[in-house]
Amino acid sequence: MRGRERRNAYSVYLIFAAASAFFYTLVFTVSAVYRVEQAGLNPFQLVLVGTVLEASVFLFEIPTGVVADVYSRRLSVIIGVFLVGAGFLLEGALPIFWTILLAQALWGIGYTFTSGAVNAWISDEIGEEGAGRAFLRGAQLGQAGALLATGVSVALASVRLNLPILAGGGCFALLGLYLILRMPERHFTPRPPEERSSWQSMRRTLREGARTVRGRPVLITILAIGAIYGMASEAFDRLWPVHFLDNFTFPQIADFEPVVWFGIINAVAMVLSAGVTEIARRRVNTASHRGVARALLTINLLLIGSVALFGLAQGFTVALAAYWLTYLLRTTHDPLYTAWINQRLEPRVRATVLSIASQADALGQIAGGPVLGAVATLASIPAAMIGVALALVPSLGLYTRALRRPEEVEAVTPAAD
């Protein structure tokens, strides 16, 4: 029975990973072009859109993570999926700057309900070691789903540019219905009703999560790395499409529109990244602190070079190669980083600690995004890309520091009140 329960939860997790990646890619393949060509946003406004998103994550990540630890991981994920869908539907319906900002806040809040909760849920249902493998397998299936969605998104966008965004929002609503019917939760113990009757329980869980972080210095280092990574990633995510649109000429093949080229670029990137992630899944021991830290140090060292090359590129071919390398490195980084944080966490505060990690990333994005967006607007997008590369440099010292710490054996249990 236990084996069947684990397989069922594992299957639902993989379906969630593949489906959510498919739906996000439906939206993200065209969202940059939609915001530039239909909503008329400039580089600073594009980054500000991301900043509003991350500010929502920063404000709501820990409260929603505590909800997952106190009440239900399953309920938290389902609420989040419906909110994400609503945000995309709003953005696709009204191509207006202020409406897009509101939509970002809405789906950002939805994301916070899912971010820590889904990883904590699968860790509870199948165990920490199994969850580490699930993160990498889920990333692979997510890449496959995203690859398929790229072609679908381009096809829908050729009919109407906002159609993929509306379709993505509607699909998230359907995913929420699927989770209501199929998502199990058999190994999570909610707090007793008398402990859930007020904010006191949430404050207690938050304190326990904070004590867990303070009790493991390596976690503080990991969170600092997450903040640095977030500082760099926000500007890159918002500006790389504009870099291609403004500074390079796409090859004249069959009179492809820019949205078609972005679909091709991302499709090739996804195919390549699936192979790289498989290599990481086989070669990196996700249960080993040093093994994951060494892999992430190598990835970030290469990432600094690839982003700098993308910013300095003078021709389309070099820029394309640099972008693809950056994409590969980032898609390999994310599941390994999640597995690193997840190592030996006390189950009762797992979602809260994972939410603290997401909040650290959001804080970095809030701090770095507008600054680099202003650099792009006042100076140039290549200058902003060099800024992204420089922002990643301090992480190398933190990885080196983390590697000096010994492997931990037992989960850290939060101190008693």
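The values are calculated or read from the model by the stated rules, or taken from the named source; none is laboratory data. As the structure is a computational prediction, the values presented were derived from the model and not from experiment. Reconstructed Cβ throughout: ideal geometry from the backbone, glycine too, with neighbour counts over all protein chains shown. SASA here: full protein model, heavy atoms, side chains in, ligands and nucleic acids out. Shrake-Rupley method; radii C 1.70, N 1.55, O 1.52, S 1.80 Å.
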Open item on the list: Restricting to the stretch 374-396, count the residues that are within 20 Å of Ile299 (Cβ to Cβ) and among the aliphatic types (A, V, I, L, M).
Closed with: 9
Task: Cross-chain or 6+ apart pairs with Cβ under 6 Å, the stretch 36-51 first and surrounded by fewer than 24 Cβ atoms within 10 Å (Cβ to Cβ), then part of a loop (DSSP other than H, G, I, E, B) - done: Gln38/Pro95; Gln38/Leu161; Ala39/Pro95
Task: Which numbered condition Gly3 misses (of (1) over 22 Å from the mean Cα position of the chain (by Cα); (2) at pLDDT 85 or above) - done: (2)
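Out of Gly305, Gly263, which single residue is touching a residue at least 60 places away in the same chain (Cβ under 8 Å) and either closer than 16 Å to Val393 by Cα or basic (Lys, Arg) (or both)? First the steps, then the outcome.
Working: Gly263 fails: either closer than 16 Å to Val393 by Cα or basic (Lys, Arg) (or both).
The conditions single out Gly305.
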Open item on the list: Given the criterion buried (at least 21 other Cβ atoms within 10 Å of the Cβ), small (Gly, Ala, Ser) and at pLDDT below 90, identify the matching residue among Ala103, Ala117.
Closed with: Ala117
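Assess whether Ala131 counts as being open to solvent by less than 10 Å² (accessible area, probe 1.4 Å) and either of a type in the set (Gly, Ala, Ser) or more than 23 Å from Leu14 (Cβ to Cβ) (or both).
Details: open to solvent by less than 10 Å² (accessible area, probe 1.4 Å): yes; either of a type in the set (Gly, Ala, Ser) or more than 23 Å from Leu14 (Cβ to Cβ) (or both): yes.
Yes; evaluated as a whole, the condition is true for this residue.
Listed residues Ala139, Ala93, Ala149; which is farther than 19 Å from Val67 by Cα and open to solvent by 50 Å² or more (accessible area, probe 1.4 Å)?
On inspection, the qualifying residue turns out to be Ala93.
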Open item on the list: Step by step: first the residues of the stretch 274-314, then only those that are open to solvent by less than 30 Å² (accessible area, probe 1.4 Å), at pLDDT 90 or above and of a type in the set (Gly, Ala, Ser), then the one that is nearest to the chain's Cα centre (by Cα). Which residue is that?
Closed with: Ser306
Task: All positions within the stretch 369-417 that are within 30 Å of Thr286 (Cβ to Cβ), modelled with pLDDT under 90, open to solvent by 60 Å² or more (accessible area, probe 1.4 Å) and not in a helix (DSSP H, G or I) - done: Arg404, Arg405, Pro406, Glu407, Val409, Glu410, Thr413
Open item on the list: Anything in the stretch 312-324 that is more than 12 Å from Ile265 (Cα to Cα) and part of a helix (DSSP H, G or I)? List them, or say none.
Closed with: Leu312, Val318
Task: Residue satisfying all of: in the stretch 19-32; surrounded by 22 or more Cβ atoms within 10 Å (Cβ to Cβ) and among the aliphatic types (A, V, I, L, M); modelled with the lowest pLDDT among these - done: Ala32
Open item on the list: Checking Phe88 against (1) of a type in the set (Phe, Trp, Tyr); (2) farther than 20 Å from Pro184 by Cα; (3) in contact with a Gly (Cβ under 7 Å, 6 or more places away or on another chain); (4) open to solvent by 10 Å² or more (accessible area, probe 1.4 Å): exactly one of these is not met. Which one?
Closed with: (4)
TODO: Report yes if Ala322 is at pLDDT 90 or above and either farther than 30 Å from Ser72 by Cα or not acidic (Asp, Glu) (or both), otherwise no.
DONE: yes
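Taking the stated definitions as given, is Thr286 under 24 Å from Ile228 (Cα atoms) and assigned to a loop (DSSP other than H, G, I, E, B)?
Values: under 24 Å from Ile228 (Cα atoms): yes; assigned to a loop (DSSP other than H, G, I, E, B): yes.
So Thr286 fits the description; yes.
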Task: Residues of the stretch 236-268 that turn out to be of a type in the set (A, V, I, L, M) and closer than 12 Å to Leu320 by Cβ, as a count - done: 3
Open item on the list: Looking only at the stretch 227-273, filter to residues that are closer than 21 Å to Ala308 by Cα and among the polar types (S, T, N, Q); which one of those is farthest from the chain's Cα centre (by Cα)?
Closed with: Thr249
